1. Within the set of pairs 6+ apart or on separate chains, which have a first residue in the stretch 83-106 that is more than 15 Å from F145 (Cβ to Cβ), a second that is part of a helix (DSSP H, G or I) and open to solvent by 10 Å² or more (accessible area, probe 1.4 Å), and C-beta atoms under 8 Å apart?
2. Quick test for you: out of D50, D9, D71, pick the one residue that is under 23 Å from G94 (Cα atoms) and among the charged types (D, E, K, R).
3. Any chance the stretch 172-183 includes a residue that's buried (at least 20 other Cβ atoms within 10 Å of the Cβ), modelled with pLDDT of 95 or more and either within 22 Å of Q194 (Cα to Cα) or over 24 Å from the mean Cα position of the chain (by Cα) (or both)?
4. Please go through the stretch 340-370 and pick out each residue that is farther than 12 Å from A264 by Cα, open to solvent by 20 Å² or more (accessible area, probe 1.4 Å) and not polar (S, T, N, Q).
5. What is the one condition in (1) open to solvent by 20 Å² or more (accessible area, probe 1.4 Å); (2) at pLDDT 95 or above that G373 does not satisfy?
6. Return the residues of the stretch 188-217 that are among the basic types (K, R) and either more than 22 Å from L260 (Cα to Cα) or open to solvent by 30 Å² or more (accessible area, probe 1.4 Å) (or both); say none if nothing qualifies.
7. Checking A337 against (1) in a loop (DSSP other than H, G, I, E, B); (2) open to solvent by less than 10 Å² (accessible area, probe 1.4 Å); (3) small (G, A, S): exactly one of these is not met. Which one?
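The values are calculated or read from the model by the stated rules, or taken from the named source; none is laboratory data. Because the structure is a prediction, the values reported are computed rather than measured. Reconstructed Cβ throughout: ideal geometry from the backbone, glycine too, with neighbour counts over all protein chains shown. Accessible surface is based on the protein model in full, side chains and every heavy atom, while ligands, DNA and RNA are left aside. Shrake-Rupley method; radii C 1.70, N 1.55, O 1.52, S 1.80 Å.
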Amino acid sequence: MKFKLQATDSQSKARAGLIETAHGTIETPIFMPVGTAGTVKAVHQHELVDAVKAQIILGNTYHLYLRPGLDVLQAAGGLHRFNGWSGPILTDSGGYQVYSLTEVRKIKEEGVTFRSHIDGSKHLFTPENVMDTQRIIGADIIMAFDECTPYPCDYHYAKRSVDMTHRWLQRCCDRFDNTEPRYGYEQTLFPIVQGSVYRDLREKSAETIAGFGRDGNAIGGLSVGEPAEEMYAMTEVVCDILPAEKPRYLMGVGTPVNILENIALGIDMFDCVMPTRNARNGMLFTKNGIINIKNKKWEADFTPIDAESDLLADRMYTKAYLRHLIRSQEILGAQIASLHNLHFYLWLVREARTHILAGDFREWKNRMVTQLGEKL
């Protein structure tokens with residue numbers, strides 16, 4: 001993997017760059033649609049390419065490990081061949097999912113034992129076998145195995161957790177560097193900065209992670225319930241330490257406003273389930289604000305979902321029709337709303353990139369942030 005920094009905004013820390021992978025080049029800043037179980041929910045692969053204009057998608061190690069399982073993925077030749085997506089794929093390590101299984105997991109130095117949410121079967125994730133699992137899945141970018149601490153989090157727990165995450169990272173790197181890529185193309189490992197909302201822990205973690213000298217770096221453990229101001233403060237601390245010549249990935253973030261504010265702090269890559277999850281519940285993100293399509297005000301609104309959009313579904317279907325579909329729990333409603341939100345998120349990061357390259361990002365960002373949170 002190679003990263004080329006093309007421009008930095010003179011009035012913020014926003015950056016535009018290019019990430020080269022074996023499955024294509026990614027223009028940053030970028031948003032990655034989340035394909036948890038090998039699919040971005042309710043969206044075809046050709047729609048991701050042609051309508052959403054996605055450049056990279058995310059797969060989830062925990063879910064793919066459990067189902068369809070490593071034997072199936074290996075027999076298929078990896079996730080790209082299994083699901084028909086030909087672009088780059090990033091896999092998370094499963095650390096966040098294991099973190100969320102509070103009642104059915106146990107964290108030790110060796111790794112994490114947990115019970116499957118599907119059938120209750122017992123499993124062990126270690127730094128070593130998580131590297132092997134992501135190799136088999138076939139991701140272009142592989143995430144280190146870490147512990148994601150909750151919010152709020154006791155300082156001493158957060159400190160112990162960071163230290164263990166760093167020890168696990170050494171084991172991840174050792175295993176990754178001593179194994180071969182699968183399926184005939186290179187794979188890249190990103191470490192993850194942790195430290196909850198404690199500045200000294202974030203600084204220590206960022207310095208440690210930077211010292212491993214990998215091709216890119218990630219920031220985890222944010223967007224887990226902390227106020228947005230704390231997220232931004234921790235992101236700024238970390239971005240000031242992580243090397244500028246490598247891509248920075250903020251995991252699991254977030255709303256359109258969160259994305260723009262974190263781009264301004266120096267983040268290059270994002271992922272979040274919000275555009276698709278909220279779409280299935282009738283929440284639409286637009287450049288003028290947020291629409292709850294279930295509200296009665298849209299019942300007889302026969303205007304297009306977004307007449308100015310270049311997405312066919314936005315121009316073809318009306319707000320009234322989409323409201324009917326969502327309220328009736330028709331599958332087509334989830335499909336249209338998911339396409340709309342993903343298309344909007346990718347439009348937003350493309351616009352951000354355009355304004356970074358043009359030199360007027362900060363002014364544009366400040367204007368957009370006031371609009372994006374409006375309730376329509």
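1. N83/Q45; G84/Q45; W85/Q45; S86/H80; G87/V49; I89/H80
2. On the way: D50 fails: under 23 Å from G94 (Cα atoms); D9 fails: under 23 Å from G94 (Cα atoms).
From the options D50, D9, D71, the qualifying one is D71.
3. Yes; the residues of the stretch 172-183 include at least one that is buried (at least 20 other Cβ atoms within 10 Å of the Cβ), modelled with pLDDT of 95 or more and either within 22 Å of Q194 (Cα to Cα) or over 24 Å from the mean Cα position of the chain (by Cα) (or both).
4. Residues of the stretch 340-370 that are farther than 12 Å from A264 by Cα, as a first pass: 340-348, 350-351, 354, 357-359, 367-368, 370.
Pick out the ones that are also open to solvent by 20 Å² or more (accessible area, probe 1.4 Å) and you get 347, 350-351, 354, 357-359, 367, 370.
Hits for the stretch 340-370 are W347, R350, E351, L357, A358, G359, R367.
5. With respect to (1) open to solvent by 20 Å² or more (accessible area, probe 1.4 Å); (2) at pLDDT 95 or above, G373 is out only on (2).
6. Within the stretch 188-217, R199, K204, R214 qualify.
7. Looking at each condition in turn, A337 falls short on (1).
Residues checked against (1) of a type in the set (G, A, S); (2) touching a helix residue (DSSP H, G or I) at 6+ places or on another chain (Cβ under 9 Å); (3) open to solvent by less than 30 Å² (accessible area, probe 1.4 Å):
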{"site": "I219", "(1), (2), (3)": "no, yes, yes"}
{"site": "E226", "(1), (2), (3)": "no, yes, yes"}
{"site": "L250", "(1), (2), (3)": "no, yes, yes"}
{"site": "G254", "(1), (2), (3)": "yes, yes, yes"}
{"site": "K287", "(1), (2), (3)": "no, yes, no"}
{"site": "D301", "(1), (2), (3)": "no, yes, no"}
{"site": "A307", "(1), (2), (3)": "yes, yes, no"}
{"site": "D314", "(1), (2), (3)": "no, yes, yes"}
